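Okay, structure first, notes after.
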There are 4 protein chains.
Amino acid sequence: MTNDALRIMFLGDIVGEPGRKAVIEQLPVLKAELGLDFIVVNGENAAGGRGITPRIAIDLLRAGAAVITTGDHVWDQQEIVEYLPTEPRVLRPINYPPDTPGKGSVVLETAKGKVAILQGQGRTFIQPPLDNPFTLLESEIDRLREEEGVKMVLVDFHAETTSEKIAMGYALEGKASVVVGTHTHVQTADERILSGGTGCLTDAGMCGPDHSVLGRAHESVVWRFKTGMPTRFPVAKGPVRLCGLIADLDPETGKCLKIERLNRLIGGGEQDAG
Amino acid sequence: MTNDALRIMFLGDIVGEPGRKAVIEQLPVLKAELGLDFIVVNGENAAGGRGITPRIAIDLLRAGAAVITTGDHVWDQQEIVEYLPTEPRVLRPINYPPDTPGKGSVVLETAKGKVAILQGQGRTFIQPPLDNPFTLLESEIDRLREEEGVKMVLVDFHAETTSEKIAMGYALEGKASVVVGTHTHVQTADERILSGGTGCLTDAGMCGPDHSVLGRAHESVVWRFKTGMPTRFPVAKGPVRLCGLIADLDPETGKCLKIERLNRLIGGGEQDAG
Amino acid sequence: MTNDALRIMFLGDIVGEPGRKAVIEQLPVLKAELGLDFIVVNGENAAGGRGITPRIAIDLLRAGAAVITTGDHVWDQQEIVEYLPTEPRVLRPINYPPDTPGKGSVVLETAKGKVAILQGQGRTFIQPPLDNPFTLLESEIDRLREEEGVKMVLVDFHAETTSEKIAMGYALEGKASVVVGTHTHVQTADERILSGGTGCLTDAGMCGPDHSVLGRAHESVVWRFKTGMPTRFPVAKGPVRLCGLIADLDPETGKCLKIERLNRLIGGGEQDAG
Amino acid sequence: MTNDALRIMFLGDIVGEPGRKAVIEQLPVLKAELGLDFIVVNGENAAGGRGITPRIAIDLLRAGAAVITTGDHVWDQQEIVEYLPTEPRVLRPINYPPDTPGKGSVVLETAKGKVAILQGQGRTFIQPPLDNPFTLLESEIDRLREEEGVKMVLVDFHAETTSEKIAMGYALEGKASVVVGTHTHVQTADERILSGGTGCLTDAGMCGPDHSVLGRAHESVVWRFKTGMPTRFPVAKGPVRLCGLIADLDPETGKCLKIERLNRLIGGGEQDAG
Ligand SMILES: [Fe+2]
Ligand SMILES: [Fe+2]
Ligand SMILES: [Fe+2]
Ligand SMILES: [Fe+2]
Ligand SMILES: [Fe+2]
Ligand SMILES: [Fe+2]
Ligand SMILES: [Fe+2]
Ligand SMILES: [Fe+2]
């Protein structure tokens, strides 16, 4: 690690019980092993694949997550609507209307300085339609920098298309320290640092059963595509892959000094989960 | 390389002049360096980002590509409509209606046995609506195995969503040697071999300007997302990233023995293209 | 009515208990009043707005419907999967894969000759992705004309966009007697007879609560659009509007001689349901 | 006409030269015949089916249109970008970002009082993604009522789905005098006045060649749906259907007193354009 840098880990969409068990078990291990200063996880599929409950959020925070982001599945569990206003460390996309429960940004103090985490949601091939995440994320970062003196900023941009996610990195170049995509549940191999000091990864990937389609049992998903008929998509079983990134941020400038993908198979002996 | 295995390289969507120049220049280099037996490239964006011309197809074939696949941009250049029926090595998605110009599969002889290349197109968040790629690809592979005795089979599945692309891998497990996705222009980091011997990679990524949004100048794409107003999306400049995969196939069984991502920056000194 | 013509009535998507009660009550009344020979209803929203149960299908058939069509909601009620193969008078879209339960066409004998009813589903802005309805409907009509000597043919094309529905009328001009759209729940005012003798109406409209959004309580739908947050969409209450069409068909030629919209408010004194 | 009421006519999407010629010719005729006080037309397809030029806008205004609305095709003709800021009577959807050229509302003085015309664009199955039209239209109407004392308000809501358009009527019930949908080019048969005094019509329909698919030659559209291959969609020929509505508004209260569909075939002898 760069000396005095703040090391942040971000983990992608946690899927179901297998995903959250593995994350809760591994967070302390990874924190110690990797010297992490700050952990953010996306929990939008933590409750059986659909949303997150207050109980699960509390468990993830206790296990070491400083902030939990969500996404288009944020409202899947009804209790979350009343919980969000009580827990600023659990975010929903910032581009909902102004009076929506919860927030899309949070600033936390750390020993190495303030860290801001923001979440936005895309508008291409993802529901519901929301307001412009490009202008809203940019103005919120500007506000946090000015009003709160924040330098280190991580943005989870929950979006379907690669174009929208990559464009967000460029749109926030020099303003965000890290722009990481979520939602597709598959990690991309394009980590890089833009010259403005913004580390980018198009999608973090998921934390869920590896031998699956996005964490769901592959048989049912294949059947759906073959027949066009509805079916249940149970969360899959077996070894869990933890996907995300680790980034070193310069507390003085907020610039990303280093970005690496994290991709670990937990509970299985093989990379090949076939 | 596994002894006697057939080594195949697949390169993702070639974007514009920068992409095709880099590919044409690098194909012989890579072939020699990596001991490639067979090369397939996706050329759907080779002509200024939109489609492919007969001239470009010929150049790519001459440079060493054995087969060229396409995708939703296949018809962007009008001359291709008359060219496809004359050149079986340039494929279009198999799930167009039966009397569509061109084919969605081809079988070529090699010193190590027959190799079949197929292409299908997804049906989620991609146009136009086509017939079922799951049933059509499966039955075509069955036919080629039975009628032509083909064992080694590579499928380029051109689709938007990770779910549809991963599901295709499972759907063709044990039937295809390799199922590789294209269309999102971003390489995924999830290469693996299913237990049935099918190597999978959700998206190969593109061969195009690295400092870009899907090969296009990032300024114009960001402007589009911020304003909602139309603009041109010129192909970007600068170093080109070649993305794809290399797989070793067992000629006896058709099984994938090894799969690796290929990801090289050409014409620039740095991974970071910012 | 044209002398000896077959008079057919088609009613659009029946929504919930209010819709099916009104339809069941009115079918005998309308049959007598209008001299109807044949009645077809779309029942895809008859069960609480989501799908149709065998029980409801039986009730509608008993009340006078000769055939029931469905649509994208066909599978919403699980019992229907086993019921469809037992009841050829309840159709699902023809462009599902060949081995899907149920059928997309049926031929019935009447005193004035055979009548064929077919259903297809569109592919623009409607799920799931299915095979080409244009080619499949055309070839099925050709088959029924040749093999069964059918002349009178009504097609319910369940689709979202006006372009796809109007195009279907032209595609089947001279082959179908009537092409009527369903799915948007709003009746269009464009009834007409193409010169080939095909009567067309872009959308039949629904049979459901008039003071509503597509049959659902307007407050909840408006809330959804304002907030982007999920909510329940209860079936609305109050007077029911029955929407559909009446067409006179020439039994000798199958041509449509006359087409009129049907649009009646049942159980309320006013056109204005505000 | 109700005594002293303001009679407003709205015409739906004008398509190509046939559409605008018919509109320009008929506006004075209709104005005299129907006693119109105020005319609004949607011109988003007036220029060869794609957008509108300044020249065409000027012609339509001279012919008697007081205001021209547009829609998702607003930017199709590049000159319009510079023209919009110079001509407040040509609107674009209000839910573009704040600094977009042009406006989404205009207030005009008439002998019977001020009339406000607004335009919003939907967010379901229509591009580009824009900000929330429900909240923005409502707050703009509130502002115009307060700041400008406007009572008579007509909203053109350019949207694809019936649900979004009908919901807008309810959302603006009691605030807008008329909420009329555009974009699908097919007139709906559901005109009504909500109890709050808001007249609604889900879609006005188009002003364009009747024997067509949305104003385009039907052969090419059908070919597209059958083959999935690209083609040109020339504007069709033959008689033009003028579609829209006429509403009487109470200048004192802004309430809609009467709403009727307008649907006239110009230049042909028959309703049946087959
Ligand atoms: Fe998501
Ligand atoms: Fe997710
Ligand atoms: Fe593509
Ligand atoms: Fe591409
Ligand atoms: Fe439907
Ligand atoms: Fe329906
Ligand atoms: Fe439009
Ligand atoms: Fe239009």
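The values are calculated or read from the model by the stated rules, or taken from the named source; none is laboratory data. What you see is a predicted model, and the numbers here were worked out from it, not measured in a lab. So basically every Cβ, Gly included, is an ideal-geometry build from the backbone, and we count neighbours across all protein chains shown. Side chains included, ligands, DNA and RNA excluded: accessible areas come from the protein's heavy atoms. Shrake-Rupley method; radii C 1.70, N 1.55, O 1.52, S 1.80 Å.
Distance from the A-onto-D rotation axis is smallest for the Cβ of the chain A residue given, in whole Å, as A:Asp131, 2.
Hey, what's the Kirkwood Rh for the protein assembly as shown if you take every pair of different alpha carbons, in angstrom? Don't jump to the answer; show the numbers that get you there.
On the way: mean 1/r = 0.0325 Å⁻¹.
Taking every pair of different Cα atoms in the protein assembly as shown, averaging 1/r and inverting gives 30.8 Å.
When Cβ neighbours within 10 Å are restricted to other protein chains, what is their mean count per residue of peptide D:90-101?
Working: counts 0, 0, 1, 1, 0, 3, 4, 8, 1, 3, 3, 2.
That works out to 2 on average.
Within a straight-line Cα-Cα reach of under 17 Å, C:Lys175 can be paired with the following lysines, leaving aside sequence neighbours fewer than 8 residues apart in one chain: C:Lys114, C:Lys151, C:Lys165, C:Lys255, C:Lys258, D:Lys226.
Summarising the strand pairing of the protein assembly as shown, around 55 percent of its internal DSSP beta bridges are antiparallel.
Below 20 Å, Cα to Cα, which aspartates and glutamates can D:Lys112 reach? Residues fewer than 8 away in the same chain don't count. Straight-distance partners of D:Lys112: D:Asp4, D:Glu33, D:Asp37, D:Glu146, D:Glu147, D:Glu148, D:Asp248, D:Asp250, D:Glu252. Accessible surface for D:Leu214 stands near 40 Å², nearest 10, in the context of the full protein assembly shown (1.4 Å probe). Note on the stretch A:80-175: Cα-only Rg and Dmax are 13.3, 40 Å. Given a 1.4 Å probe and the protein chains as shown, A:His73 ends up with an accessible area of around 40 Å².
Take the alpha carbon gyration tensor of the stretch B:5-155, find the square roots of its eigenvalues, order them as a ≥ b ≥ c, and report rounded if a/c is under 1.5; if not, report prolate when a/b exceeds b/c, else oblate.
Numbers: a/c = 1.79, a/b = 1.06, b/c = 1.70.
Note, shape of the stretch B:5-155 comes out oblate.
The longest stretch of chain A left intact once loop-based GluC sites (Glu not before Pro) with at most 15 other Cβ atoms within 10 Å are removed from consideration, loops following DSSP, is A:80-251. Amide hydrogen proximity for B:Gly48: with H placed 1.01 Å from N in the peptide plane, the residues at 5 or more positions away or on another chain lying under 5 Å are B:Gly16, B:Glu17.
Using only the Cα atoms, work out Rg/Rh for the stretch B:6-266, with Rh taken as the Kirkwood radius, to two decimals. Mind showing how you got there, number by number?
Values: Rg = 17.0 Å, Rh = 18.0 Å.
Dividing the radius of gyration by the Kirkwood radius yields 0.95.
Under a plain spin-label model, where a point goes 7 Å from the Cα along Cα-to-Cβ, how far apart in nm are D:Gln78 and B:Val29? Distance between the two pseudo-spin positions: 3.7 nm.
Evaluated with a Cβ-only charge set (Lys, Arg +1; Asp, Glu -1), the stretch A:1-112 carries a dipole of roughly 180 debye about its Cα centre, given to the nearest 20. For A:Glu146, the point set 7 Å out from Cα toward Cβ sits 2.4, 7.0, 7.4 nm from its twins in the other copies, listed from shortest up.
Solvent-accessible surface of protein heavy atoms, probed at 1.4 angstrom with all chains present, puts A:Thr86, D:Thr162 in the order A:Thr86, D:Thr162, largest first. Here A:Ile58 yields copy-to-copy label distances, from shortest upward, of 4.9, 7.1, 7.3 nm, the label point defined as 7 Å from Cα along Cα to C-beta.
For the stretch A:6-266, what proportion of DSSP beta bridges, expressed in % and rounded to the nearest 5, is antiparallel? Around 55 percent antiparallel, to the nearest 5.
Is there a quick way to get the dipole size of the protein assembly as shown? I mean about its Cα centre, with the Cβ of Lys and Arg at +1 and of Asp and Glu at -1; what is the value in debye to the nearest 20?
Numbers: 116 positive and 148 negative charges, 1 e Å.
About 0 debye.
Charges only on Cβ, +1 for Lys and Arg, -1 for Asp and Glu: so what's the dipole of chain B about the Cα centre, in debye to the nearest 20? Present the calculation step by step, with values, prior to reporting the outcome.
Details: 29 positive and 37 negative charges, 113 e Å.
Dipole about the Cα centre, nearest 20: 540 debye.
Kindly give the semi-axes, whole Å and largest first, of the ellipsoid equivalent to the stretch C:92-238, taking each as the square root of 5 times a Cα gyration tensor eigenvalue. Could you put the intermediate results ahead of the total?
Details: eigenvalues 201, 58, 43 Å².
Equivalent ellipsoid of the stretch C:92-238: 32, 17, 15 Å, largest first.
Extending 7 Å from Cα along the Cβ direction at B:Thr124 and again at B:Lys237 yields two label points whose distance is 4.0 nm. In a DSSP loop and with at most 12 other Cβ atoms within 10 Å, the trypsin sites (Lys or Arg not before Pro) in the stretch C:170-274 are C:Arg232.
In this simple spin-label approximation, B:Ser195 and A:Ile58 carry label points 7 Å from Cα along the Cα→Cβ vector, and these lie 3.9 nm apart.
Within 10 Å of the Cβ of each residue in D:122-134, the mean number of Cβ atoms contributed by other protein chains is 6.
For C:Glu82, the distances from its label point to the matching points in the remaining copies are 4.0, 6.0, 7.1 nm, ordered from shortest, with each point set 7 Å beyond Cα toward Cβ. Rolled with a 1.4 Å probe across the full set of protein chains, the surface gives B:His185 an accessible area near 20 Å².
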